[in-house]
Amino acid sequence: MTGAVQRAEILMEALPYIQEFHGKTVVIKYGGAAMEQTDLKAPFARDVILLRCVGINPVIVHGGGPQIGAMMKRLGKEPRFVGGMRVTDEETVEIVEMVLVGRINKEIVGLINLHGGKAVGLSGKDGDLVRARRLGHRLPSGETVDIGLVGEVEAINPAPIRLLEQNGFVPVIAPVGVGAAGETYNINADLVAGHIAAALQAEKLVHLTDVGGIRDQDGTRLSTLTKKDAARLMEAGVIEGGMLPKVESSLRALEGGTAKAHIIDGRIPHAILLELFTREGIGTEITL
Ligand SMILES: Nc1ncnc2c1ncn2[C@@H]1O[C@H](COP(=O)(O)OP(=O)(O)OP(=O)(O)O)[C@@H](O)[C@H]1O
Ligand SMILES: [Mg+2]
């Protein structure tokens with residue numbers, strides 16, 4: 001009997017959180033790295049369905065860097081990077097759109113639907129969701145380089161997301177933006193997630209990635225990180241590479257009205273549930 005009671009108590013631990021988040025929006029960035037773990041794809045889909053079933057509105061924004069690189073190789077095109085950013089010519093952006101919108105987005109949508117949820121995939125072009133402009137990329141030397149069709153978010157139109165939320169669907173968003181002349185832009189998924197969280201006034205923005213959180217100079221995971229500490233660690237080069245856009249995205253969301261931003265380990269089974277429904281939480285919380 002005690003085992004059964006304990007299980008019921010674990011369920012009850014979630015009650016205050018379910019009450020708190022009921023009817024609220026949670027934006028989840030599903031990282032390319034976390035996504036590659038095949039055995040965690042179905043549990044991820046089921047976690048998302050559980051959130052929806054207890055009245056929370058999850059919105060998924062996905063990445064896909066490694067998958068784009070692999071497809072380019074298959075098509076005989078060598079990926080090129082300048083200062084960590086993918087050089088994106090016409091042909092590359094075509095591949096980016098094919099992989100993100102055609103393959104990865106539909107895979108996630110398919111998994112959620114297969115497990116009994118209702119997901120609808122959108123790219124930034126659908127309903128003018130993500131309006132973008134060309135990003136001027138500045139190197140550490142100060143020199144600005146043209147990296148092609150890489151965009152930055154100009155504006156988010158939250159209407160298509162709200163429409164889906166109100167009708168019980170889970171929006172799954174590919175980070176492709178549309179320019180003023182209809183051109184396609186490849187945009188960093190972390191930054192798209194931050195802008196969407198702000199536009200939706202989301203309760204939370206959760207980045208699922210392939211590390212346990214943000215580490216300081218000693219390699220110790222930080223359970224909270226303030227804007228001031230983040231600036232210091234970025235200046236010192238302790239926060240670098242793929243973590244930079246996550247911090248920028250989190251700060252953008254918080255400044256735009258999102259209540260909380262977290263960076264957590266997507267390789268842990270049910271990471272989202274642990275973050276949302278337990279006292280301890282996991283990963284790093286970013287605060288202003
Ligand atoms: N201070 C830091 N603490 C933790 N990780 C850091 C830090 N600085 C840089 N990183 C790097 O950031 C990486 C996470 O970002 P990355 O872009 O690789 O993954 P992702 O965004 O989840 O996937 P994708 O970009 O494919 O969607 C970590 O694997 C780590 O190498
Ligand atoms: Mg990344």
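Across region 77-90, the qualifying residues are those that are under 12 Å from N186 (Cα atoms) and outside any strand (DSSP E or B), and the one among them that is farthest from ligand 1 (Cβ to nearest atom) is E90. Among the candidates D210, D218, D190, the residue that is open to solvent by 20 Å² or more (accessible area, probe 1.4 Å), charged (D, E, K, R) and under 17 Å from the mean Cα position of the chain (by Cα) is uniquely D210.
Select from region 198-224 the residues that are part of a strand (DSSP E or B) and within 14 Å of ligand 2 (Cβ to nearest atom) and list them in ascending order. Hits for region 198-224 are H207, L208, T209.
Considering only residues of region 193-207 that are among the hydrophobic types (A, V, I, L, M, F, W, C) and within 16 Å of ligand 1 (Cβ to nearest atom), which is surrounded by the fewest Cβ atoms within 10 Å (Cβ to Cβ)?
Of region 193-207, the ones among the hydrophobic types (A, V, I, L, M, F, W, C) are 193, 196-200, 202, 205-206.
Restricting the remaining residues to those that are within 16 Å of ligand 1 (Cβ to nearest atom) gives 193, 196-197, 205-206.
Values: A193: 33, I196: 30, A197: 33, L205: 33, V206: 25.
Result: V206.
For R74, the test of being open to solvent by 30 Å² or more (accessible area, probe 1.4 Å) and either without any contact (Cβ under 8 Å) to a residue 12 or more places away in the chain or within 16 Å of ligand 1 (Cβ to nearest atom) (or both) is passed.
Let me confirm something: among I104, I56, which residue is at pLDDT 95 or above, open to solvent by less than 70 Å² (accessible area, probe 1.4 Å) and either within 16 Å of ligand 2 (Cβ to nearest atom) or hydroxyl-bearing (S, T, Y) (or both)? Let's see the steps before the verdict.
On the way: I56 fails: either within 16 Å of ligand 2 (Cβ to nearest atom) or hydroxyl-bearing (S, T, Y) (or both).
Matching residue, one of I104, I56: I104.
Among I18, I68, I10, I49, which is the only one that is touching a Phe, Trp or Tyr at 6+ places or on another chain (Cβ under 8 Å) and in a helix (DSSP H, G or I)? One residue alone meets the criteria, I18. Can you tell me which residue in region 221-252 is nearest to the chain's Cα centre (by Cα), limited to those that are acidic (D, E) and more than 7 Å from ligand 1 (Cβ to nearest atom)? The qualifying residue nearest to the chain's Cα centre (by Cα) is E248. If you filter region 23-53 down to residues that are near ligand 1 (Cβ under 10 Å from one of its atoms) and of a type in the set (G, A, S), you find that the one that is most open to solvent (accessible area, probe 1.4 Å) is A33. When you look at V87, is it under 28 Å from L244 (Cα atoms) and either open to solvent by 10 Å² or more (accessible area, probe 1.4 Å) or among the aromatic types (F, W, Y) (or both), yes or no? Criteria met by V87.
Hey, can you tell me all the residues within region 149-165 that are part of a strand (DSSP E or B) and open to solvent by less than 30 Å² (accessible area, probe 1.4 Å)? Result: V150, G151, V153. If you go through region 254-269 and keep only what is more than 16 Å from ligand 2 (Cβ to nearest atom) and either modelled with pLDDT under 95 or crowded, with 24+ Cβ neighbours inside 10 Å (or both), you end up with T258, I268, P269.
Here K29 meets the list (1) in a loop (DSSP other than H, G, I, E, B); (2) within 21 Å of the chain's Cα centre (by Cα); (3) among the charged types (D, E, K, R) almost entirely, failing just condition (1).
Among the candidates G182, G168, the residue that is under 30 Å from H22 (Cα atoms) and either open to solvent by less than 40 Å² (accessible area, probe 1.4 Å) or outside any helix (DSSP H, G or I) (or both) is uniquely G168.
Residues in region 209-264 that are among the small types (G, A, S) and touching a strand residue (DSSP E or B) at 6+ places or on another chain (Cβ under 8 Å): G212, G213, S223, A230, G242, S249, S250, A253, A259, A261. If you filter region 225-253 down to residues that are among the polar types (S, T, N, Q) and assigned to a helix (DSSP H, G or I), you find that the one that is nearest to ligand 2 (Cβ to nearest atom) is S249. Give region 60-101 a look and list any residue that's touching a helix residue (DSSP H, G or I) at 6+ places or on another chain (Cβ under 6 Å), more than 16 Å from ligand 2 (Cβ to nearest atom) and among the β-branched types (V, I, T), or say none. Answer for region 60-101, where residues must be touching a helix residue (DSSP H, G or I) at 6+ places or on another chain (Cβ under 6 Å), more than 16 Å from ligand 2 (Cβ to nearest atom) and among the β-branched types (V, I, T): just I95.
The values are calculated or read from the model by the stated rules, or taken from the named source; none is laboratory data. The model shown is predicted, which means the values in this text are computed figures rather than measured ones. Ideal geometry is used to build each Cβ from the backbone, glycine not excepted, and the neighbour counts take in all protein chains shown. Only protein heavy atoms, including side chains, enter the accessible area calculation; ligands, DNA and RNA are left aside. Shrake-Rupley method; radii C 1.70, N 1.55, O 1.52, S 1.80 Å.
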